[in-house]
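The block underneath contains the structure these notes are about, expressed in structure tokens.
Each value in this text was obtained by applying a stated rule to the coordinates, not by laboratory testing. Keep in mind the model is a prediction, meaning the values are calculated, not measured. Reconstructed Cβ throughout: ideal geometry from the backbone, glycine too, with neighbour counts over all protein chains shown.
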Amino acid sequence: MEDCIFCKIVAKEIPSDIVLENSEFLAFHDINPKAPVHILIIPKSHYDSFQDIPPVVMANMTPFVQEVATKLGVAKSGYRLITNIGKNGGQEVGHIHFHLLGGAKLKWGHFSDSNPQGNL
Ligand code: AMP
């Protein structure tokens, strides 16, 4: 998709630090890591978010994610897989991506605001 930064990464028009790649998916290091291991996993085809992705793509992604975790050495120690969806989900890049975070014991927190009930 034109003007999509992650489509440009897929097309190698923008450089990235690739961890794993196949015909359908790409895994690369997040440019602003939030954990010792912080990888972004994306389908090469453009979908705006999880809300748009076909189930078959999710199914195909499962072994790819597992392989990335094994390759990065976090499969046994554990990791977190997150996808932010839309404005309230905190999504900044409009090409679906899964954050694979690990390499340390991760904290847990949902709300960036002080109100733990959120603003719904
Ligand atoms: P999100 O807020 O879920 O949309 O996450 C977007 C992520 O993309 C952030 O963690 C950014 O650090 C990361 N990011 C943005 N541009 C790049 C890039 N060119 N290469 C690698 N990671 C990027």
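Using the Cβ-Cβ distance between E24 and E92 with R0 = 30 Å, the FRET efficiency computed as 1/(1 + (r/R0)^6) comes to roughly 0.80. Each stretch of four or more DSSP H residues adds -39500 (n - 2.57); spread over every residue of the chain, this sum gives -6500 deg cm²/dmol at 222 nm. Stretched out straight at 0.36 nm per residue, the stretch from R80 to I31 would grow longer than its current Cα-Cα span by 15.9 nm.
The Cβ shell under 15 Å around Y79 holds other residues with a net charge of +4, Lys and Arg each +1, Asp and Glu each -1. Summing Lys and Arg as +1 and Asp and Glu as -1 over all other residues whose Cβ lies under 13 Å from the Cβ of E2 gives a net charge of -1. The label-point distance for K107 and Q51, in a model that sets each label 7 Å from Cα toward Cβ, rounds to 2.9 nm. Calculated on the alpha-carbon coordinates, the convex hull of region 43-84 measures out at 80 cubic angstrom per residue. Distance distribution P(r), the chain, all Cα-Cα pairs, bin width 10 angstrom from 0: 12, 43, 34, 10, 0 percent.
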